[in-house]
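Reviewing the structure listed below.
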Amino acid sequence: MNTVETLGEILRRRGVSRRGFMKYCATTASLMALPPAMAETIAARLEKASRPSVIWLSFQECTGCTESMTRSHTPTLEGLILETVSLDYHHTLQAASGEGAEQAREQAMTANAGKYLLVVDGSIPMGDPGYSTIAGMSNVDMLLDAAKNAAAVIAVGSCAAFGGIPKAAPNPTGAVAVSSLVKDKPVINVPGCPPIPVVITGVLAHFLTFGGLPELDHLGRPRVFYGESIHDRCYRRPFYDRGLFAETFDDEGARKGWCLFKLGCKGPVTYNACATTKWNQGTSFPIQSGHGCIGCSEPDFWDLGGFYQALSMPTQKLGKVAGAAIAGGTIAGIAMAAHNRSMKASAKQSHERVSTDELEKGE
Amino acid sequence: MNATAMDLLIWARGTGFSLALAIALFGLTLRVFEILSLGRKHDFAPAREDSPGSGLRTVFSRSLPLPGMAQKSPITYFGGYVFHVGLLLVIVFFVPHIEAIRAVIGLSWPGLPTAVIDMVSVATLLALVAVLFDRRRNKVKRMLSGFGDYFAWGITFLPMVTGYLAFHHLVLDYTLMLAIHILSVELLLIALPFTKLTHVVTLFLARWYNGDWFGRRGIAS
Ligand code: SF4
């Protein structure tokens, strides 16, 4: 492939209009909370950027992240940009397989040592390397091998970023996140199950435009996309504040679009751009279509209690615990009562009578 | 990716809550049993007058200040009223709390708008600070106060303040603050049977007993 061709040239060759390209840059600029004027800069830089080498590894994952990027009805610009930049090696998208595919990966790694971006989706099983292998190579070995000469690692999706579904209790494969294995390279987490496509390309665009990584939050997520909670950006928030809640999925409250907190919405603890960017080219997002947020861009969201259990509810069954505690308390109480009574009785028994005569004697 | 705020929240809502509830229920049952089983000496004197309902009446009448007392210690009385009523409203009428209670006992009721809860919270926090200030400033109260009093104040104040900060996304990230808030409530639950905060339960027993006893003796209560 011609590595000298610029991104702009590739996009034009693929029939992307200047207008469409500028629109994408404007969206990206606003998504990254940059002033609108920056759209020009982004466009200019992206235009000139030479196609970076991207190696995409998939471990314990469901391919949902790749689906999210590539299966939109009309080929989106995000999809094209991703395709344009990511074809050195991608298990699912590449035509080659077996030896040939692995050779392509190694070639790209040697040719672009120190410069390529490593994108990972899926978690890594540490319980037994045999749980997930590619061409006989365990996931952990492949990850460490590929990360060695990468410029940066982007963990796409909640599995790569935080362990995701495979790590859900009781974590049968001993799944871990990319960041717990790769320590000497910058790791950017782009969680979501799946992540919003434009957020994935936004991170790539940032890398291409500014040549560096965006500012990250304490969970390694780009602050520009994950800076605000769904709850703070939710259009149903006024109902939350007024105390108006849907109690079931088809009651009056649900029809009137009231807050979904009681139906288990995890929006208050979920940081993502869904409420502002939305999905399917800005069409809608889960809460808008009547379902609470499941918190998919947060660590361990599978273990956050039921999807339909309100965030403030305790997650364990309490009946038995409460019964046992009261029974225990009763037994301990009876024991304590017996002890107190025997103390009282023995005190009474050892009580010696003293007559006034004895007292007067002074003894 | 070790202990994240989310891990803490998951623990607080799961194991932490179960543990705290178990300790609270165990302790409260034990305490009530202990108090009741102590018994009282048999009263051989005939009742002065038959005054049915004096026990129940006293449960409520003791919530009112004796004549003149409110003027004498306004901060104790008004501060006390504000924070007690405030705590009750916030605990029982904030919708997320109602949902938590529903998960435990299966009952629920309508909540108050968050703007109202917000105002009540501020009043409660201010009242709590005022009574603490008064406790430190007043010589007699200061002398009477021991570790238990400040500890009880602290573990009551903590859930209030962390709840308020979490709601307004102040100081810490919401998820972490929410986890801390729930943990502070759990601390309160655990301490409930073993500190003077047991009065949330024993208050009714004690007042009833006193009222009834005074009634038998023909004393105004
Ligand atoms: S629907 Fe969810 S995110 Fe929206 S206001 Fe209600 S709780 Fe918050």
Legend entry - Among beta bridges that DSSP assigns inside the protein assembly as shown, antiparallel share in %, nearest 5: 35
Legend entry - For B:SER145, A:SER132, order by how many other beta-carbon atoms lie within 10 Å, fewest first: B:SER145, A:SER132
Inset, instruction - Select from B:LEU9, B:ASN210, B:THR124 the residue farthest towards the positive end of the dipole of chain B; place +1 on Cβ of Lys and Arg, -1 on Cβ of Asp and Glu, and compute about the Cα centre. - result: B:ASN210
Legend entry - Projected label distance in nm at A:VAL140 and B:THR15, using a 7 Å step from Cα toward the beta-carbon: 2.3
Legend entry - Positive-end residue of A:ILE165, B:ILE75, A:PRO194, charge dipole of the protein assembly as shown with Cβ unit charges: B:ILE75
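Take peptide B:13-26, look around each residue's Cβ out to 10 angstrom, count Cβ atoms belonging to other protein chains, and average those counts.
Working: counts 10, 7, 3, 2, 6, 9, 3, 1, 6, 10, 2, 3, 10, 11.
Counting Cβ atoms of other protein chains within 10 Å of each residue's Cβ and averaging gives 6.
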Inset, instruction - Could you check which residue among A:PRO35, A:PRO268, A:PRO52 shows the biggest mean-square fluctuation in a GNM of chain A with a 10 Å Cα cutoff? - result: A:PRO35
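For chain B, which DSSP H helices look membrane-span-like by this rule: Cα extent along the axis of 24 Å or more and mean Kyte-Doolittle of at least 0.5?
Helices meeting the span and hydropathy rule in chain B are B:17-38, B:114-137, B:147-167, B:174-191.
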Legend entry - Pairs of Lys in region A:230-361 closer than 21 Å at Cα, counting only those 8 or more apart or on different chains: 5
Legend entry - Those lysines that a straight Cα-Cα span of less than 21 Å connects to B:LYS139, excepting residues fewer than 8 apart in one chain: B:LYS72
Legend entry - trypsin sites (Lys or Arg not before Pro) restricted to region B:1-40 and DSSP loop, no more than 14 other C-beta within 10 Å: B:ARG40
Legend entry - Only Lys, Arg (+1) and Asp, Glu (-1) charged, at Cβ; region B:87-221 dipole about Cα centre in debye: 820
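Among A:GLU352, A:GLU298, A:GLU247, rank each residue by its count of other Cβ atoms within 10 Å, from fewest to most, as a rough exposure measure.
On the way: A:GLU352 6, A:GLU298 29, A:GLU247 12.
Taking fewest neighbouring Cβ atoms as first place, the list is A:GLU352, A:GLU247, A:GLU298.
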Inset, instruction - Counting only C-alpha contacts under 8 Å and six or more residues apart, can you give the relative contact order of chain B as a whole percent? - result: 39
Legend entry - Chain lengthening between A:MET22 and A:ALA324 when straightened (0.36 nm per residue, less Cα-Cα): 102.2 nm
Legend entry - Free-standing Cys residues across chain A, given no other cysteine C-beta under 4.7 angstrom: A:CYS25, A:CYS62, A:CYS65, A:CYS159, A:CYS234, A:CYS259, A:CYS265, A:CYS274, A:CYS293
Inset, instruction - Please work out how much length the chain gains when fully extended from B:LEU205 to B:LEU126, using 0.36 nm per residue of separation minus the C-alpha to C-alpha distance, in nm with one decimal. - result: 25.4 nm
Legend entry - Cα→Cβ-extended label distance, 7 Å offset, between B:LYS41 and A:LEU216, nm: 7.5
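Across peptide B:206-219, how many C-beta atoms of other chains are within 10 Å of each residue C-beta, on average?
That works out to 0 on average.
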Inset, instruction - Among A:ALA26, A:LEU57, B:LEU192, pick out the residue whose Cα is farthest towards the positive end of the charge dipole of the protein assembly as shown, where Lys and Arg carry +1 and Asp and Glu carry -1 on C-beta, about the Cα centre. - result: B:LEU192
Inset, instruction - With only Lys, Arg, Asp and Glu charged, each at its Cβ (+1 for the first two, -1 for the last two), find how big the charge dipole of chain A is about the Cα centre; round to the nearest 20 debye. - result: 940
Inset, instruction - Grab the eigenvalues of the alpha-carbon gyration tensor for region A:7-226, scale each by 5, take roots, and send me the semi-axes largest first in whole angstrom. - result: 28, 19, 16
Legend entry - Residue-span extension gain [A:THR248 to A:GLU47] - 0.36 nm each, minus C-alpha spacing: 67.4 nm
Inset, instruction - Mind giving me the nanometre distance, one decimal, between the label points for A:LYS344 and A:SER180, set 7 Å out from Cα along Cα→Cβ? - result: 5.6
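So how do A:SER346, A:SER68 line up by other beta-carbon neighbours within 10 Å, fewest first? Working shown, then result.
Values: A:SER346 10, A:SER68 21.
Listed from fewest to most nearby Cβ atoms, that is A:SER346, A:SER68.
At a threshold of 8 angstrom on Cα-Cα distance, excluding pairs fewer than six apart, so keeping six or more, what relative contact order does chain A reach in percent? Write out the running numbers ahead of the final one.
Working: 579 pairs, mean separation 46.4, N = 363.
Relative contact order comes out at 13 percent.
For a Förster distance of 25 Å, can you work out the FRET efficiency between the beta-carbons of A:ARG255 and A:TYR308, rounded to the nearest 0.05?
Values: r = 18 Å, r/R0 = 0.73.
With R0 = 25 Å, the Cβ-Cβ based efficiency is 0.85.
Let's see if you can work this out: charge +1 on each Lys and Arg Cβ, -1 on each Asp and Glu Cβ, no other charges. What is the dipole magnitude of region A:230-361 about its Cα centre, in debye to the nearest 20? Write out the running numbers ahead of the final one.
Values: 16 positive and 13 negative charges, 47 e Å.
For region A:230-361, the charge dipole is close to 220 debye.
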Inset, instruction - Mind telling me which of A:ALA111, A:ALA147, A:ALA327 comes out most flexible in a GNM of chain A, alpha-carbon contacts under 10 Å? - result: A:ALA327
Inset, instruction - Go ahead and set up a Gaussian network model of chain A, Cα springs under 10 Å, then flag whichever of A:LYS115, A:LYS266, A:LYS348 fluctuates most. - result: A:LYS348
Legend entry - Lysine pairs in region A:7-226 with Cα atoms under 22 Å, if 8 or more residues apart or on separate chains: 8
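Using Cα-Cα distances under 8 Å and only pairs 6 or more residues apart, what relative contact order does region B:96-221 have, in percent? Numbers along the way, then the final one.
Values: 60 pairs, mean separation 20.0, N = 126.
The value is 16 percent.
Using a Förster radius of 41 Å, what is the FRET efficiency between A:GLU358 and B:VAL85 based on their Cβ-Cβ separation? Nearest 0.05, please.
Working: r = 58 Å, r/R0 = 1.42.
The formula returns an efficiency of 0.10 here.
Here, each number is a calculation from the coordinates, and none is a lab measurement. Note that the structure is a prediction, hence the values are computed from the model and not measured. Quick reminder, even Gly has a Cβ in these numbers, built from the backbone with ideal geometry, and neighbours come from all protein chains shown.
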